[in-house]
Structure formats: structure tokens, C-alpha cells
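Every number here is computed from the coordinates shown, using simple stated rules; none is lab data. Model, not experiment: these values are computed from the prediction. Don't worry about glycine lacking a Cβ; one is built from the backbone with ideal geometry, like all the others, and counts go over all protein chains shown.
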Amino acid sequence: MRGIGKRFGGVTALDDVDLDLYPGEVLAIVGDNGAGKSTLIKILTGVHRPTSGTLTMAGEPLVLTGHSDAITRGIDAVYQSLALADHLTPAANLFLGSELTVRVLGVTLLDNRRMRAEAERVLNERLGVRLRSMDVPTSSLSGGQRQAVAIARAVYRSDLKVLVMDEPTAALGPQETARTLKLIETVRDQGIAVVVISHSLDDVFAVSDRIQVMRRGRGAGVVDTADSDVTSVLGLIVGASAEAA
């Protein structure tokens, strides 16, 4: 992403922001509320179109006309709400909107057996997750298990290149947070580029390879996680020196 700008009427949400993302890495985007994080990822996922700037993928121009267009190009997102239907089973959620069907005596029916088997396979093979039961409502799952179902829905498509995760550990306890961070690492290790938006710098430093700091709609800096620390990143977030932060 180069020179990305976004205006909503007279309000400038983004001003000349660059972003680089590589296969098999976790890029964390941090910043205060209103720093432009959500607007930037909504442009990346096709929800918003930029007012200015360009996007390229693998050296080719990338023009996204909507979120479904982004999915087609291999870019998907798991938002904080997860967008799961709590009354449906994990398999039904994984295939929601793209259900598998079978023809029986000329009638098209849902192929629940195949969807259940595929859901089990994807959760196990792609994410290393086994649920105690695939026949329970998703509402009965733990927070980390619900995250796994939402991620599995995204990675089920073999052409996924970029996964955006918005506040993936919000409202999770320590154990569930650790499991979710492990899921993120598992996705990254499959060569997928992962973008994590988070207010938890502890989680950011635990899972990210690089950190991009946003401040007042502009990029305040990008650091390698291994070569930085919380104090330095806080300094970029508030616009102060490391000593002042």
C-alpha cells in the first residue's frame, strides 16, 4: 500500500500511509483510538476504497471494489465480533453462505456429513484444533475455540494469502489468549501474511514479526519486533521520545 489517503467528507482519516506485508509474517498495527488502524485495514479488505494512493500485490496493481472482491484475491478478515451464528454448529458456521450440497432423487440437500468431516479436517490439519464435539451450538464453545472456527472459515480456501485479525484476544482470559496467539503463529507458518490489530502490546510482542505504529491518521514508524521494546513503541504511539514515554 503506497500513499494511502482516506477522507470522509471534511474529515481526513488517513494521510499518505504506506504498508508493506510479506508472506509468512505477522505484522501488528498499533495506535490509539482514532489513529486510523481500522480505516487502513478496511481499505486492505475492500470495505472502503482509498481516496488516494495505490495497492499492489506481487507487483501487480490491486483494485478492490468490495469485500467479496478482496476474498477472491485471497484477502480475508476475522473481526472482533467473529460474525458467527451462535445457534449453528461449528461446521455450519464454517460453510455459512457456501454450503456443500448433494443431489438425492433429483432434490438438492445440504451435505451435512461432508461439511462436518471437512470442518473437522480443516480445524485439525490447518490449525491443530480438535473440538470435543462438532454437534453443539457454537455459542457453547470457549472464546479461543470460537476464534478457531472463524479462522478456519477463512483458511478453508487454499488460496488465502492475507488474513487480517482485529483485536483477536479482546475479552479472552490468559489461557484462551495463549491458544489464540498459537493459532496466529500456525497460520503464519503456512506462508500466509497475517495482520493483527491490537491494543495489547504484550500480545503484539508475543506474536508479531514487525510492528507498524499509526498516529493521527499517519504512519508513525515501523519496527522489527525483535529489535524493539514496549517503551519504544509507546513513544511512537504518543509521539514522544522513548525516555519521555
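Observations on the model:
- By the count of neighbouring beta-carbon atoms within 10 Å, fewest first, R153, R73, R113 end up ordered R113, R73, R153.
- Number of Lys pairs (Cα under 22 Å; 8 or more positions apart or on different chains) in the chain: 5
- Placing unit charges on each Cβ (+1 for Lys and Arg, -1 for Asp and Glu) gives the chain a dipole about its Cα centre, and among Q190, L19, L64 the Cα reaching farthest toward its positive end belongs to L64.
- Spacing of the two label points (7 Å from each Cα toward its C-beta) at V222 and D18, in nm: 0.7
- Where both bridge residues fall in the chain, DSSP classifies roughly 50% of the beta bridges as antiparallel.
- Here the dipole of the range 2-238 is about 640 debye; that uses its Cα centre as origin and unit charges on the Cβ of Lys and Arg (positive) and Asp and Glu (negative).
- Candidates R126, R49, R114, ranked by Gaussian network fluctuation over the chain, Cα under 10 Å, top entry: R114
- Exposure proxy ranking, count of Cβ atoms within 10 Å, fewest first, for F8, F205, F95: F8, F205, F95
- Each Lys and Arg Cβ is given +1 and each Asp and Glu Cβ -1; about its Cα centre, the range 70-180 then shows a dipole of about 320 debye.
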